[in-house]
Structure formats: structure tokens, C-alpha cells
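The values are calculated or read from the model by the stated rules, or taken from the named source; none is laboratory data. All values reported here derive from a predicted model rather than from experimental measurement. Cβ coordinates were reconstructed from backbone atoms using ideal geometry, including for glycine residues, and neighbour counts include every protein chain displayed.
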Amino acid sequence: MDDLIKRAALDINDSHYAIALTGAGMSTESGIPDFRGPKGVWTTDPGAERKAYERYELFLNNPEKYWQEVMGGEGTHGELYSKMRMVEPNAGHYALAKLYELGLLKCVITQNIDGLHYKAGNKNVIEYHGSVCKARCHACGTRCELEEVSLKILPPLCRCGGSMKMDVVHFNESIPIDIMTNAEREVLHSDLILVCGTSAVVYPFASLLLLAKQNGNTDIKVIEINMEKTQLTENGISDYIIQGRIGEILPRIVDTIVKSA
């Protein structure tokens with residue numbers, strides 16, 4: 001592993017526009033459970049998964065009840081969202097933030113909805129599936145911090161008059177066009193991608209790596225950091241994989257870069 005860490009540090013240091021794609025494995029080390037793993041939220045509670053598939057339709061048909069659900073207490077999905085907002089970043093999040101501070105990492109594109117990359121100090125984060133820390137107008141797309149939204153009257157309304165919803169992108173809801181456009185732009189501009197804690201099999205997020213490798217583009221390096229080998233490894237999408245805990249590997253890469261400066 002030492003050689004791979006040195007290799008990754010050198011590759012990042014030599015890159016011109018490095019970005020990171022992160023998934024559930026990035027946040028499990030902060031105590032946030034994944035959804036479909038052996039002890040995942042939906043594995044242990046299939047009813048919660050069924051409700052998750054119904055949530056966007058609930059917003060469309062009954063936005064008041066939707067807000068009661070997503071901001072609710074024990075026994076509702078709102079309980080999970082509330083816990084996410086109280087969690088702190090782990091060493092992996094802070095390592096990516098340090099790479100950003102050093103000017104070596106330009107952007108983080110994350111599947112995670114917990115807001116931990118921002119909390120760790122990253123300034124350029126594309127939250128592909130939205131955030132439990134924000135609300136978004138369903139009509140005009142305006143976003144704001146959740147605490148800026150008054151829930152005295154449900155649903156809360158945007159200045160444009162449209163209904164606000166939690167920024168989280170639910171099943172059967174399209175990825176907002178600004179998010180998709182910005183993510184694709186970052187990927188096409190990059191020459192190195194750190195893939196942290198995701199096997200990138202959920203679409204359309206997974207299409208970002210395919211876009212990066214389109215037309216046999218061999219100039220872009222993809223470094224995978226995951227506990228286990230994934231389809232990215234098996235299909236040759238990643239140039240190499242460093243297997244292990246993200247919260248241990250990323251700080252070691254950063255330390256190697258700093259010491260070589």
C-alpha cells in the first residue's frame with residue numbers, strides 16, 4: 001500500500017485539474033449508515049425503502065404532508081435526515097478539504113446528501129443528489145439553507161411563489177439541470193479523478209466516469225479508494241485501486257504530498 005500511496009501523491013501533485021467523486025463509503029466512517037449494505041437503512045427496514053420511492057410523489061400530491069415527513073421525529077425519514085445534520089466530518093473529508101486548500105483538488109462531486117464536505121471546509125462541492133441541509137424551490141430551482149426556511153406554514157414558499165422542497169433528489173425526481181451541467185463540465189475539464197467510497201453504479205451519477213473515459217481518453221487518471229474492488233476496478237475504469245479505509249488512506253496521501261513540497 002505504501003507504494004500506491006506514494007504513486008497517488010505524485011499523480012495528484014502532477015495533475016492540473018484534479019477532482020473527487022465520493023459516495024456512501026466516504027460517510028460511513030462518520031457513522032452514517034449506507035442504504036443497501038448488509039446493515040443498510042433499507043436492508044434492515046424494507047418499509048423505509050418503499051416510502052423512499054414514494055416520497056417525491058408525496059411532495060407533488062401533498063406537500064404539507066411531505067414536509068411533516070421529512071422534518072418529522074422518531075419513526076419518520078426526518079429522523080434520519082436530522083441525525084445526518086448532526087454528524088461531523090471524518091479524517092477523509094478533512095483530507096479532501098486540505099487538498100482543496102493546497103490548490104490540488106478543484107472540486108468534489110458527491111452522491112452524499114449529508115453536507116459533510118462543506119462542513120469539512122471544501123468550498124467547491126457539487127451535491128449531485130442534493131442535501132439534507134438545504135431547501136430548493138421546485139419551480140425556479142433557488143436553493144437556501146434549511147434554517148432560512150420558515151415551517152410555520154406548510155409547504156414553505158419561495159419568493160417566486162413556488163413550493164419549496166428539501167434539496168434531496170428523491171427517486172423518480174430528475175437531477176437538477178444546473179447540477180448535472182456543472183458536474184459534467186468539471187469531469188470534462190479534469191485530468192485526474194479520485195473515486196472515494198463509491199462503485200459508481202447508480203445512474204446518472206455513474207455516467208460521469210464513462211464521460212471522463214469517453215472516446216478512449218487515456219490522458220485522464222482515475223484513482224479508486226474503496227474497501228473492496230468494484231466494477232470500476234474490474235472494467236478498467238480506474239487506473240489503480242488503493243484498498244482500505246478512506247479516513248486512513250487520504251490523510252496519508254496528503255501527508256506524503258505536504259512532506260514532499
| request: Kindly establish whether VAL132 is among the β-branched types (Val, Ile, Thr) and closer than 17 Å to LEU21 by Cα. | output: no
| note | Flagged pairs (Cβ under 9 angstrom, 6 or more apart or on separate chains; first in the range 228-241, in contact (Cβ under 8 Å) with a residue 60 or more places away in the chain; second basic (Lys, Arg) and not in a loop (DSSP other than H, G, I, E, B)) are TYR240/ARG7; TYR240/LYS221
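Identify the residue in the range 132-162 that is of a type in the set (Lys, Arg) and closer than 23 Å to GLU79 by Cα and, among all such residues, is surrounded by the fewest Cβ atoms within 10 Å (Cβ to Cβ). Before the answer, list the steps.
First, the residues of the range 132-162 that are of a type in the set (Lys, Arg): 134, 136, 143, 152, 159.
Those still in the list that are closer than 23 Å to GLU79 by Cα too: 134, 136, 143, 152.
Numbers: LYS134: 21, ARG136: 21, ARG143: 17, LYS152: 5.
Taking the candidates together, the pick is LYS152.
Residue-by-condition table, conditions (1) under 18 Å from ILE175 (Cα atoms); (2) free of Cβ contacts under 8 Å to residues at least 24 places away in the same chain; (3) assigned to a loop (DSSP other than H, G, I, E, B); (4) outside the structural domain of PHE205 (by TED's automatic domain parsing):
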{"residue": "ALA95", "(1), (2), (3), (4)": "no, no, no, no"}
{"residue": "LEU99", "(1), (2), (3), (4)": "no, no, no, no"}
{"residue": "VAL108", "(1), (2), (3), (4)": "yes, no, no, no"}
{"residue": "ASP114", "(1), (2), (3), (4)": "yes, no, yes, no"}
{"residue": "TYR118", "(1), (2), (3), (4)": "no, yes, no, no"}
{"residue": "ASN122", "(1), (2), (3), (4)": "no, no, yes, no"}
{"residue": "ILE126", "(1), (2), (3), (4)": "yes, no, no, no"}
